[in-house]
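For reference, the structure discussed in these notes is given below.
A short reminder: the numbers here are calculations on the coordinates, not readings from a lab. Just so it is clear, the model here is predicted, and its values are computed rather than measured. Cβ: placed from backbone, ideal geometry, glycine included. Neighbour counts: every protein chain shown.
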Amino acid sequence: MAPSFDHLPDPDDEEFDEEELDFSDLRERFEVQLEQGLDTFVVIDGLPDVTEDTKPKLIKFLLRKLNAVGRTREDSIFMPLGEDGHSHKFAFVEYSTPAEAIAACKGLDGVPLDKKHTLRVNKLTDIDRFGREGRIDEKYTPPKMEEFQEKEHLRSWLADPSGRGRDQFVMYTDDHVRVFWNNEKDTPEPIVDRQHWTESFVQWSPQGTYLTSMHQQGVQLWGGPSWTRQKRFAHPFVNLVDFSPGEKYITTWSNRPISIPEEGHPALSVDDDGKNYVIWDIETGKPLRSFANLDLPSNANDESGQPIKRKIVWPAFKWSADDNYVARLTQGASISVYELPRMGLLDKTSIKIDGVMDFDWAPATPHREGIKTYEQLFCYWTPEIGSNPAKVGLMSIPSKEVVRTLNLFSVTDAKLHWQSDASYLCVKVDRHSKSKKSLATSLEIFRVREKGVPVEVVDSIKDTVINFAWEPKGDRFVIITTAEVVAPTAVPPKTSVSFYCPEKVKGAGVGNFKHIRTYDKKNSNAIYWSPRGRFVIVATVHSQQSFEMEFFDMDFEGEKPESDKDLTANLQLMNTADHYGVTDIDWDPTGRFVATSASIWKHTMENGYHLYDFKGEQLREEPVEKFKQWLWRPRPPTLLSKEEQKQIRKNLREYSKVFEQEDADRGASADLAVVEHRRRLLQEWLSWRVSIEEEVKEEREARGLPLDPLAEILNIADEGEDQVIEEIVEEIVEETEEIVP
């Protein structure tokens with residue numbers, strides 16, 4: 001039977017009265033409960049000043065950014081105006097949900113609205129909570145200006161008080177960190193000595209302004225004549241640090257993810273919880289952004305089915321030469337470039353590069369021919385994927401324009417080597433044969449500053465290149481090759497050391513790179529150029545069987561071999577030296593001295609350091625128990641113009657005479673000090689003798705004895721009295737030895 005609706009009133013009936021129906025119970029049961037509170041509201045500061053006429057235009061413009069992180073409407077934006085008809089430069093915005101309000105605070109805070117205005121976004125509940133807790137006073141009180149306090153000059157060490165332009169170095173032994181002035185052959189002059197200054201290692205900033213110490217609580221920077229703490233960055237259990245080239249920023253990393261306690265953290269926020277990397281602003285000491293490790297999937301295995309252990313690559317974030325950008329590689333997928341200081345992605349997106357294996361920024365601002373706009377360059381390489389060849393590319397930032405690419409075939413591996421002035425990029429390419437049983441190396445050299453970035457190939461290398469190093473501020477390079485399989489063995493492989501330089505050409509151009517000379521049957525595995533170029537050390541490090549060091553001069557002033565007449569180098573082996581168990585070799589920033597050291601971190605035998613001059617002559621040798629680190633203090637870039645530097649180089653011989661005379665005077669003053677010391681000792685002895693003679697004289701007078709007994713004896717002899725002198729002489733006539741049974 002169908003249901004009947006006759007008992008219900010007809011809505012079209014004139015007698016029907018809606019008020020007679022009671023829907024209260026239905027409303028109570030089915031009414032949508034709107035969310036209570038102010039969690040969906042945010043307050044936006046930093047807006048431009050507008051009037052009633054211009055406010056709608058600003059709201060529409062603002063709405064685009066607001067809807068990028070959530071959902072809101074034009075009528076959900078309240079922008080109050082003052083009595084003068086102008087806005088207060090802030091607005092209240094209501095989002096659909098509290099989660100969208102939180103997303104707005106994270107995604108829009110600090111975002112530029114235009115060139116002159118930057119948005120600051122906070123939750124309305126936070127502002128209300130701070131006000132209730134008494135953190136915001138209803139009555140405005142002008143801030144108190146602290147009295148100016150003069151700080152120590154952080155580069156005061158450049159004005160060496162001795163006037164000799166000495167360099168400083170830090171030495172870490174046992175649990176002591178000491179900083180010294182280098183005195184060449186003489187004992188180093190101590191500056192500061194502190195126990196437990198660091199918990200793991202020390203590190204200079206790139207320009208020598210700060211000394212870094214590592215602690216469980218974080219990183220501390222020290223400097224100035226008093227070696228006071230300048231900055232600290234609270235990153236718990238920090239393991240590694242990396243500075244930007246201009247010392248504006250610092251990256252810290254810990255293998256333990258950050259854990260923010262309930263009571264909060266002095267510098268980090270809940271957004272940093274679970275992160276491993278933090279990038280800080282050194283000037284303010286505040287974190288700019290944090291990142292987590294790029295981990296492999298939990299089920300990632302190698303060919304044998306064993307879990308892959310990702311090795312930490314450091315630095316994980318690489319800096320552009322001018323500190324304006326920092327980039328991170330997601331291997332095989334992309335390169336993320338962030339703009340400083342906001343740490344936002346360039347163009348809000350990563351650069352997708354399929355298969356990318358590695359990248360590196362140019363170490364100096366490039367000056368490519370015909371390019372007048374600002375740019376920074378980085379290079380990258382990708383392996384062969386399917387039928388596509390391997391590729392090396394140069395990309396310009398911020399335009400993201402690929403300015404040069406090079407296709408490569410049969411590639412096993414590639415390494416990127418920038419020259420210090422960014423004039424050249426060498427890509428060391430290891431190629432396999434068709435059978436994949438042997439390897440050969442070619443050097444693909446990009447001439448970055450020449451028009452079109454031409455590439456020169458050095459492919460006459462039959463063996464595998466295990467080390468490559470450009471000359472700093474120059475255009476020559478050294479390579480180490482081997483025909484043996486390179487593996488971590490106790491005995492280093494037999495190697496060859498080869499030197500290359502450009503040919504001479506007319507004009508200001510640079511000729512093709514040519515081979516100068518090769519030294520075979522070596523065990524060398526490391527190359528150390530002087531920071532000023534010209535001089536280079538080829539050595540064997542981290543070995544207990546071989547520890548030879550060879551000092552070469554690339555511009556020897558002696559006679560040049562006929563075969564090298566057309567080359568821009570005159571190679572000469574100046575000296576050889578041995579340092580048992582050498583683990584580290586460090587040039588001082590001037591290129592005058594070299595420190596070689598054997599660290600207890602690598603082995604426990606004969607730890608200590610040697611000091612050499614650039615010619616390889618040993619100046620000092622000092623064994624040091626529990627020796628860990630030796631680091632020269634870097635110097636900042638010179639303030640002299642190129643013309644002033646050129647003038648100094650032109651008159652260098654005249655300056656050298658002054659320096660040589662100062663050295664001679666210092667040596668003479670040292671000799672004079674020794675002579676004066678000896679004279680002082682002799683004078684003290686003579687004075688002591690006179691005082692003793694006076695005491696003896698007074699004592700003889702008191703006892704009635706003659707003042708000079710020797711004179712009395714002589715007087716008796718003069719009076720002619722006979723003296724009998726008896727002398728006994730023994731003489732052995734015969735000596736017999738008899739053995740009694």
> Taking the simple approach of a point 7 Å from Cα along Cα-to-Cβ for both Lys89 and Thr604, what is their distance in nm?
Replying inline: 6.6 nm
>> Please list, in order along region 194-205, the HN-Hα scalar couplings obtained from phi with the Karplus expression 6.51 cos²θ - 1.76 cosθ + 1.60 (θ = phi - 60°), rounded to whole Hz, x for Gly and Pro.
In response: 9, 8, 6, 6, 9, 9, 9, 7, 10, 7, 7, 6
> What list of ³J(HN,Hα) couplings, whole Hz, do you get for region 673-681 from phi and the Karplus terms 6.51, -1.76, 1.60, once you set θ to phi - 60° and write x for glycine and proline?
Replying inline: 5, 5, 4, 4, 5, 5, 4, 5, 5
>> Assuming 0.36 nm per residue, please report the length gained on full extension of the stretch Lys462 to Asp174 beyond their Cα-Cα distance.
In response: 99.1 nm
> Tyr519: net charge of surrounding residues, Cβ under 14 Å, Lys/Arg +1, Asp/Glu -1, itself excluded?
Replying inline: 0
>> If I model a spin label at Glu562 and Lys151 as a point 7 Å from the Cα along the Cα→Cβ vector, what separation in nanometres do I get?
In response: 6.5 nm
> Once the Cβ-Cβ distance between Glu660 and Glu684 is put in as r, and R0 is 35 Å, what FRET efficiency do you end up with, to the nearest 0.05?
Replying inline: 0.45
> Among Trp319, Trp227, Trp632, which comes first, second and so on when ranked by fewest other beta-carbon atoms within 10 Å?
Replying inline: Trp227, Trp632, Trp319
> Which FRET efficiency value, to the nearest 0.05, is calculated for Arg229 and Glu548 with the Förster distance at 51 angstrom and r the Cβ-Cβ distance?
Replying inline: 0.75
>> I need Met145, Met554, Met357, Met79 ordered by Cβ neighbour count within 10 Å, fewest first.
In response: Met145, Met357, Met79, Met554
>> Under a crude label model (7 Å from the Cα following the beta-carbon direction), how far is Lys65 from Glu484 in nanometres?
In response: 6.4 nm
> Using a Förster distance of 51 Å, how high is the FRET efficiency between Ser76 and Ser200, based on the Cβ-Cβ distance and rounded to 0.05?
Replying inline: 0.45
> What residues qualify as long-range amide H neighbours of Val202, i.e. H under 5 Å apart, gap of 5 or more or another chain, H built at 1.01 Å from N?
Replying inline: none
> Taking θ as phi - 60°, what are the ³J(HN,Hα) couplings along region 348-356 by the Karplus curve (6.51, -1.76, 1.60), each to the nearest whole Hz, with x for Gly and Pro?
Replying inline: 6, 8, 6, 8, 7, 9, 4, x, 4
> Tell me, in nm to one decimal, what length is gained between Lys615 and Leu705 on full extension, where the rule is 0.36 nm per residue of separation less the Cα-Cα distance?
Replying inline: 25.3 nm
